[in-house]
Amino acid sequence: MIKRVVICGNSGSSKTTLAKQFFEEYASVHLDLDEIAWKEGQPGVREDLLTNLEKQDAFLKANETCVV
């Protein structure tokens, strides 16, 4: 069984669409990196790198199987 899937690609290359398909088929947890890359409530303002990495680390520790 696949435990973790990481999908990489350029902007607009359907990464989110593919991730949702994996999520639905394998009933896994999905993390859209855009959701943690940007400061909440501040469109266009990136989260600082350390905070972003901490959020990713917490997500991976909390979810043995996931699609990123």
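The values are calculated or read from the model by the stated rules, or taken from the named source; none is laboratory data. Quick caveat, the model's predicted, so the values are computed rather than measured. Here the Cβ is made from the backbone with ideal geometry for all residues, glycine too, and neighbour counts use every protein chain on show.
Data for the structure
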item	result
Residue that is surrounded by 11 or more Cβ atoms within 10 Å (Cβ to Cβ) and part of a helix (DSSP H, G or I), where the choices are T17, T51	T51
Candidate set: segment 20-48, residues that are closer than 18 Å to T65 by Cα and not in a helix (DSSP H, G or I); chosen: the one farthest from the chain's Cα centre (by Cα)	A27
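Okay, residues lined up against (1) loosely packed, with under 15 Cβ neighbours inside 10 Å; (2) modelled with pLDDT of 80 or more:
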{"position": "M1", "(1), (2)": "yes, no"}
{"position": "C8", "(1), (2)": "yes, yes"}
{"position": "S11", "(1), (2)": "yes, yes"}
{"position": "D32", "(1), (2)": "yes, yes"}
{"position": "E47", "(1), (2)": "no, yes"}
{"position": "K55", "(1), (2)": "no, yes"}
{"position": "A58", "(1), (2)": "yes, yes"}
